[in-house]
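Written below as C-alpha cells is the structure these notes are about.
The values are calculated or read from the model by the stated rules, or taken from the named source; none is laboratory data. Keep in mind the model is a prediction, meaning the values are calculated, not measured. Reconstructed Cβ throughout: ideal geometry from the backbone, glycine too, with neighbour counts over all protein chains shown. We work out accessible area using only protein heavy atoms, side chains counted, and drop any ligands, DNA or RNA first. Shrake-Rupley method; radii C 1.70, N 1.55, O 1.52, S 1.80 Å.
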Amino acid sequence: MVQQEDIVKDYLNMDLLRFTTAGSVDDGKSTLIGRLLYDSKAIFQDQLDAIEESTRRKGEEGVNLALLTDGLRAEREQGITIDVAYRYFHTPKRKFIIADTPGHIQYTRNMVTGASTADLAIILIDARNGVSEQTIRHAYIASLLQIRYMTVCVNKMDLVNYSEEIFNKIQSDFNKIAQKLHAKEILFVPICAKFGDNVVEKSTNMPWYKGSALITLLETIPVEKENLCAAARFPVQFVIRPMTDEFHDYRGYAGRVAGGTFHKGQDITVLPSGLQTKIESIDVFNKNVNEAYSTQSVTISLESDIDISRGNMIVPTTDIPCNSKDIEMMICWFNEKPLILRGKYIVKHTTNDVQCIISEIKSKININNLEHNFEDKNIRLNDIAHISIKTSKPLFYDPYEFNRITGSLILIDEGTNETVGAGMIIR
C-alpha cells in the first residue's frame with residue numbers, strides 16, 4: 001500500500017509538458033503521435049485491436065497509428081485531421097498533453113486553439129516536399145503564441161532513402177524563416193513516424209544523425225512556468241453567496257488565477273472601481289489555503305464589502321495592469337467573412353465582454369516571407385494582421401509577451417455570434 005501511494009505521489013509531482021503538432025496536411029502529425037503512444041506503451045490492448053481491425057477494413061498494410069487520434073468519422077474516412085485531438089501519456093520522467101492539430105488551411109483556427117496553451121510545438125515537414133506555405137504559417141502562429149521551443153521533425157525519411165543531404169537542405173531552408181520567429185530554441189530531428197525511426201529509439205538507418213530521439217528531447221526540454229513569475233491577476237468569474245445558516249455572511253469571488261500568486265493579507269485593488277482592501281481568505285473546495293498560484297481555480301474573500309461582479313479583476317495594489325480603450329494587437333482571422341474596417345465586434349477578454357470597432361488595419365503578414373505588407377488591407381480567412389481596436393470601455397490587460405491569458409482576446413461577430421478572430425495584444 002505504501003509503495004502504491006509513493007507511485008501516485010511521484011506521478012502527481014512529475015513535470016507536465018504540453019505540446020502541439022503542426023505543419024502541412026499529410027506530413028504525418030497523427031501518425032507521429034500514434035507512434036509516440038504505441039512505443040511508449042501508452043495504448044491499451046483493446047485500442048490496438050480496434051485500430052488493427054480498422055486498418056484491415058481499409059485494405060492497408062501494418063497498423064495505421066493515425067487512427068488513434070483521428071476520432072471523427074470524417075477524419076477516418078478522409079484520412080485527415082479536422083478537429084483538435086488531445087491525448088495524454090507519461091514516461092518515467094514526465095507527463096505529457098498532446099494537441100494533434102489539423103494541417104488543412106481551412107482548419108487553421110483549430111491549430112491556433114490547440115497551440116494556445118502549448119509549451120512546445122512540433123513542426124512536421126514531409127522530407128519529399130520540404131518547407132511549404134502551411135509550414136511557415138503554422139511556425140509563425142506558434143511564434144505569435146509565444147511558444148518558446150520548436151522541434152522540427154523531418155518526417156518520411158524512408159521515402160528519400162534517409163538522405164542526410166535532403167535533411168540538411170530542409171534544415172537550412174527553415175533556419176532562414178526562423179530568423180523572423182521568436183522561438184527560444186529550435187531543434188531538428190530526422191524521423192520516420194510510420195516505422196518509429198528516431199521517435200522513441202535512435203534509428204540505425206540514419207547513423208549520420210548524432211542528436212537524441214524525439215522522446216528524449218520531450219523529456220528534457222525545460223518546462224518554464226512563466227505565469228508563476230508574471231504579475232498576479234485574478235479575473236472574477238462568479239460571486240458566491242451560499243446564504244445558508246453555516247455561511248450566512250460569506251461572500252466569495254470565484255475564478256482562475258491568470259498569473260502570479262496571491263496570499264492572505266495581501267493588499268489588492270479591484271478593477272475597474274479602483275477600490276482597495278486586503279485578502280481575507282482563499283478557499284479551494286472546502287479547504288482554506290494561504291496562497292493561490294497561477295492556473296489554480298480558487299475562491300477569494302476580501303476584508304471589505306466591495307461591489308464586485310463577473311468581469312472585474314483583482315490585482316495587487318503595487319502592480320496594476322495596463323488600462324486602455326485603444327488596443328493594438330496581432331490577429332489571426334478565422335471567418336470566411338473578411339474583417340471589416342470600422343466594423344463592430346464583441347471582444348471577449350478573460351471574463352469580460354465589451355463591444356469594439358476595428359479602428360485601423362496597420363499591416364498584413366505576407367506568409368511566404370513573413371514581411372509586413374502595408375498596402376494590402378484585405379484581411380480574410382486564415383490571414384494574420386496587425387490591427388488596432390477601440391473598445392466601449394477600458395480593458396485591463398498585460399501585453400501577450402508577459403501574460404498569455406490577460407494578453408489574449410477573441411473577436412465575436414455581433415450578428416452571428418461566431419468567433420471570427422484571435423488576438424495577441426501588443427500594447
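Taking 8 Å as the Cα distance limit and 6 or more residues as the minimum spacing, I'd like the relative contact order of segment 273-361 as a percentage.
20 percent
Of the listed pairs 337/364; 29/156; 156/202; 180/210; 93/184, which have alpha-carbon separations greater than 18 Å here? Write down the numbers at each step before the final one.
Numbers: 337/364 16 Å; 29/156 11 Å; 156/202 15 Å; 180/210 27 Å; 93/184 23 Å.
Table pairs above 18 Å Cα-Cα are 180/210; 93/184.
Ignoring ligands, DNA and RNA, please state the percent of accessible area on segment 123-199 from carbon and sulfur, probe 1.4 Å. Before the final figure, lay out each step's value.
Values: 1320 of 3000 Å².
Of the solvent-accessible surface of segment 123-199, carbon and sulfur hold 44 percent.
For a Förster distance of 30 Å, can you work out the FRET efficiency between the beta-carbons of residue 344 and residue 376, rounded to the nearest 0.05? Intermediate values should be presented prior to the final figure.
On the way: r = 23 Å, r/R0 = 0.76.
Step by step, r from the Cβ atoms, then E = 0.85.
Under the Kirkwood approximation applied to all pairs of distinct alpha-carbon atoms, what is the hydrodynamic radius of segment 345-427 in Å?
13.6 Å
Can you list residues from other chains, or at least 5 along the same chain, whose modelled amide H is less than 5 Å from the amide H of residue 234?
The answer is 258, 314.
For segment 273-314, what is the accessible area per residue in Å², given a 1.4 Å probe and the full set of protein chains? Walk me through the numbers before you get to the answer.
Working: 2450 Å² over 42 residues.
Accessible area per residue: 58 Å².
Quick one: which of 354-360, 139-145 comes out on top by average Cβ neighbours within 10 Å, and what's the full order, highest first?
Values: 354-360: 17.0, 139-145: 23.1.
Ranking the peptides 354-360, 139-145 by packing returns 139-145, 354-360.
Order 281-287, 217-223, 312-318, 327-333 from most to least packed using the mean count of other Cβ atoms within 10 Å.
On the way: 281-287: 12.6, 217-223: 15.7, 312-318: 19.9, 327-333: 22.1.
Peptide ranking by packing, descending: 327-333, 312-318, 217-223, 281-287.
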